[in-house]
Amino acid sequence: MEFYDCLQINNWKQLTDDEKTEIFAAVLKFFLNPRLSLDWQRLVTFDMCGMKCRTFELMLNGEVFVFIPGQKEVILGWDFGSQGLKTHELLGEVDTIEGDQQKYGTSLTFADLAAFGKSVDNEEEYDDFRYLEDIDRYINQRTSSLRKVDIPPMIVAKRSQPVGTNLRGSYNLVSGNFVGDLAFFDQCQDEIYRTFNPELSLADSLTWTYPVSVLQTDHFYLTQRWEDSDSYHLYDHSDCNYGELWLSLHRAGFQLLSEDAWEFAVGGGTRRLFRWGNEVRLDNDHPFDSALKKMRGENMFGLVQSDELTHYELTDNSDLVKLDMRSTKGCHLIEQILPFSSYYQSNHQVKINEKLDPRFYHYRKGIIIDPN
C-alpha cells in the first residue's frame, strides 16, 4: 500500500498501532514546519454515535491538535429538510421557546449584537414555522449544497481560537492563580485585577457580574472558559484583518480549513444533520448519555466545538463562515439549533481588510497533508 493511501480513513483503521506510529512519524517529518515544537503525541480512540477513529492527538507550540485521516468521495451538505428529526418537537408549542433559551443560549447581550451591527430582533424572511414545509425550506436554504468531494488527510486544532491571539495561559478567578507564561501575565495583571475588582456603588454591586471577556486591543484578550466559569483563558492580542490572518498562518506552516474540510472535520461526513444524532431538544434528562453532553464533548475525530452562538468560525473563503452569532430571544427551535449543524451556512461575509474582533471571530488551524 502506498504511503498516501495509508492515510485514507478506511485503510488507516486497518493499521496496527505500531504501523500508525511509523506512518505518522513520516507525516510529521515531511509536512510539519520545522519551526514548530512538537511537545508530545499519543494515540487516542475517539467515538461519537458509533463512529470511531483511533488516531493521534498531539501538542504543537502549546496547542492541541488531532490527526484526521482523509476520505475519498465523501458526501457532504444537506438537502433533506427535517428528515430524521422528531417533527413533533419541531412543531411544538410556541410557549416552550423561553425555556429553550437556557439550552441554546448565548452569552452575548443585545448591546454586543447591536455594536456588531446585528439585529436584536432576529427577524427572518420566513413564516412562524407552523408547518413542516416552512421548516424544511428553512433548513435546506441555510445548509450547504449536497456534493461528493475528496477530503485530504489533515492535522487540525482541537479547539478554535480567537482571531489575532495566541494562548498564554489560564487564570483562575477564585484562587487568583495563573498557569502559563508568567512574564506575559505580569504585563496584564494590574488591568485584570481592576477588571474583576471594580469600584462599585452599593446599587451597582447588586447587579454587577463578572465579564465573559475582556479585550485590550494589541495587548491581551481574556475570555471565560465555557467548561469552567471560574477560569479564563489569557491570550496575547494583535489586531488583524482576514488577509493578515491568512498570511500569518501560512508563514507559520498552517492554513485555514476549506468549507469541505471544516464540515468533514466537525461532522465526520455523517448523513445526519447534526453530528451528535437526531435530537433537537437538548434536555439533560439522561446525564450519562444526553444529547447536550454529546454536543459539548469530543466528536469522532476528537475535535471540540462551541455550544454557544457567540461567534463565527472562519474558513479559507471569506464569503463562507460557519456557526453564527445571534440572540436566541423569540427564536423558533430550529433557528436556535440549526447553526450547530456542520452543514449550516451563515449569511455573514467577512471583508478582507476589516479588522476582526476576537470576541466575534474564531478560526481553526490546519495542516493539509497534500502530496502534490
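Here, each number is a calculation from the coordinates, and none is a lab measurement. Computed from a predicted structure; not experimentally measured. Using ideal geometry, Cβ is built from the backbone for each residue, glycine included, and neighbour counts are taken over all protein chains shown.
General observations
- FRET efficiency, 1/(1 + (r/R0)^6) with R0 25 Å, evaluated for SER170 and LEU43 via beta carbons: 0.45
- Rough spin-label spacing in nm, given labels placed 7 Å along Cα→Cβ, for THR87 and THR207: 4.6 nm
- Exposure proxy order (Cβ contacts within 10 Å, fewest to most) of PHE65, PHE360, PHE30: PHE30, PHE360, PHE65
- For THR45, THR315, the sequence from fewest to most other C-beta atoms within 10 Å is THR45, THR315.
- Residues with amide H under 5 Å from that of HIS311, placed H, sequence gap 5 or more: ASP324
- Overall dimensions of segment 166-237 as given by Cα atoms, namely Rg and Dmax in Å: 12.4, 38
- Charge sum, other residues only, whose C-beta stays under 15 Å from ALA157's C-beta, Lys/Arg counted +1 and Asp/Glu -1: -1
- ARG159 versus GLU2: modelled label distance in nm, points set 7 Å from Cα along the beta carbon direction: 3.9 nm
- Legend: helices of the chain (whole DSSP H runs) are marked when their alpha-carbon atoms reach 18 angstrom or more along the helix axis and their mean Kyte-Doolittle hydropathy is at least -1.0; marked are 17-31, 182-196.
- Rounded to the nearest 20 debye, dipole of the chain from Cβ charges on Lys, Arg, Asp, Glu: 980 debye
- Members of LYS52/LYS355; LYS294/LYS355; LYS158/LYS355; LYS86/LYS365; LYS13/LYS86; LYS29/LYS293 lying beyond 30 Å, as alpha-carbon distances in this model show: LYS52/LYS355; LYS294/LYS355; LYS86/LYS365; LYS13/LYS86; LYS29/LYS293
- Remark: segment 166-237 carries a charge dipole of roughly 100 debye about the Cα centre, counting +1 on each Lys and Arg Cβ and -1 on each Asp and Glu Cβ.
- Over the residues of the chain, the helix contribution to mean residue ellipticity at 222 nm works out to -6500 deg cm²/dmol, using -39500 (n - 2.57) for each DSSP H run of at least 4.
- Amide H contacts of ARG168 (H built 1.01 Å from N, under 5 Å, at least 5 apart or other chain): LEU234, TYR235, ASP236
- Considering only the chain, percent of DSSP beta bridges that pair antiparallel, nearest 5: 95 percent
- For PRO371, neighbours were defined as the other residues whose beta-carbon sits under 13 Å from its Cβ, and their charges (Lys and Arg +1, Asp and Glu -1) total -4.
- Panel order for TRP226, TRP276, TRP78, by other beta carbons found within 10 Å of each beta carbon, from fewest to most: TRP226, TRP276, TRP78.
- Per-residue ³J(HN,Hα) for segment 318-324, Karplus 6.51 cos²θ - 1.76 cosθ + 1.60, θ = phi - 60°, Hz, x for Gly and Pro: 5, 7, 10, 10, 10, 6, 6
- Summed over all non-identical Cα pairs, the Kirkwood treatment of segment 1-45 gives a radius of 11.6 Å.
- Candidate values [x] -0.37, -0.47, -0.56, -0.84; [y] -0.59, -0.67, -0.74, -0.93; [z] -0.33, -0.43, -0.55, -0.99 were compared with log10 I(q)/I(0) by the Debye sum over Cα atoms at q = 0.07, 0.08, 0.09, 0.12 Å⁻¹ computed on the shown model; the agreeing label is [z].
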